[in-house]
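Have a look at the structure below before the remarks.
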């Protein structure tokens, strides 16, 4: 894989998709439908998906592509592929809360190695460079030229005073019970894959997810977190979370800074 080309293409496509999402977000009204699993999908999801999938297929025609909005791609099998969630946090989008992201990642041998997470309503962009190091870009997000970037890295927090990040839309008692095993300094909530990015920048230390997610929800954030020195492990046995599973469904997991000593499930 030409990582320089990949990073450039993923970044540009995320910005183009973000522009389309914000165009629809700014309207007085937009179409919302229900998928077969009763989860919502908007015209922004579909428009962003069309931009990203066309761009990736053009640039990397020989690489397997999995995208949330195209059910036919969910039949693909392999451990190396591009994976897309064109609008993660659809509920945040519908309720106009701003915590939604564009997510594009490369999985290699079952692990996300390169990715981009772009939050257009918050003007935050995180991505891995060709060498795998993660950065946050600031500036005006020119599509053809990367602006100022700063390397990001996880915190060195220990268990005595953790900043915990949890989902805005999927909080439950089991999650609270698990968080209660730690010394928590404070808690914050965030939607979509931004939770991974908050750990990647050191703004949070621990994100336990005791709920259903799919690989396209997590791959880009996982890649960004890995490139910042963090880890994502299964909740049950703390082994690495892997990708390319038969139905692309994730088990419960924990994203964390490596200095956090994880408690048993």
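Read-outs throughout are calculated quantities, based only on the coordinates presented, and are distinct from any laboratory measurement. Bear in mind the structure is a predicted one, so any value in this text is a computation, not a measurement. Here the Cβ is made from the backbone with ideal geometry for all residues, glycine too, and neighbour counts use every protein chain on show.
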Inverse of <1/r> over all distinct C-alpha pairs of the range 162-256, i.e. the Kirkwood Rh in Å, gives 13.2
Tilt, helix 43-59 to longest principal axis of the chain (alpha-carbon atoms), in degrees rounded to tens, equals 80
Taking a crude spin-label model, label points 7 Å out from Cα along the C-beta direction, the residue 172 to residue 64 distance in nm is 2.9
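Among 70-81, 41-52, how do they line up by average Cβ neighbours within 10 Å per residue, starting with the highest? Please report the intermediate quantities before stating the final value.
Values: 70-81: 13.1, 41-52: 20.5.
Descending mean neighbour count gives 41-52, 70-81.
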Helix 3-25: inclination vs the chain longest Cα principal axis, degrees, rounded to 10, gives 80
Scattering profile of the range 3-151 from the Debye formula, Cα beads only, expressed as log10 I(q)/I(0) at q = 0.16 Å⁻¹, is -0.85
Here the relative contact order (percent) of the range 162-256, from C-alpha pairs under 8 Å and at least 6 apart, is 30
Expressed in nanometres to one decimal, the distance between label points 7 Å along Cα→Cβ at residue 33 and residue 71 is 1.1
DSSP beta bridges in the range 3-151: the antiparallel percent, rounded to 5, is 90
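Relative contact order, percent, of the chain when contacts are C-alpha pairs under 8 Å separated by at least 6 residues? Walk me through the intermediate numbers first.
Details: 621 pairs, mean separation 46.7, N = 265.
Over the chain, the number comes to 18 percent.
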The range 162-256: antiparallel bridges as % of DSSP beta bridges, rounded to 5, reads 60
The FRET efficiency for residue 261 and residue 96, from their Cβ-Cβ distance with R0 = 41 Å and rounded to 0.05, is 0.60
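Antiparallel DSSP bridges in the chain: what percent, to the nearest 5? Intermediate results must be reported in sequence, preceding the final value.
Numbers: 38 of 48 bridges.
So the antiparallel bridges amount to about 80 percent of the total.
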With -39,500 (n - 2.57) per DSSP H segment of 4 or more residues and division by the full residue count of the chain, the 222 nm estimate, nearest 500 deg cm²/dmol, is -8500 deg cm²/dmol
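For residue 80 and residue 143 in the same chain, what is the full-extension length gain: residue separation times 0.36 nm, less their Cα-Cα distance, in nm? Walk me through the numbers before you get to the answer.
Details: separation 63, 0.36 × 63 = 22.68 nm, distance 2.67 nm.
Gain on stretching residue 80 to residue 143: 20.0 nm.
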Under a Gaussian network model of the chain whose springs join Cα atoms within less than 10 Å, the largest fluctuation of 86, 148, 120 belongs to 148
Between the Cα axis of helix 215-227 and the main Cα principal axis of the chain, the angle (0 to 90°, nearest 10) is 70
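By how many nm would the segment from residue 54 to residue 249 lengthen if fully extended, with 0.36 nm per residue of separation less the alpha-carbon distance? Let's see the in-between values first.
Working: separation 195, 0.36 × 195 = 70.20 nm, distance 2.43 nm.
Using 0.36 nm per residue and subtracting the Cα-Cα distance, I get 67.8 nm.
Using per-residue counts of other Cβ atoms within 10 Å, averaged over each peptide, order 99-109, 129-139 from highest down.
Values: 99-109: 26.3, 129-139: 16.4.
In descending order of packing, they fall as 99-109, 129-139.
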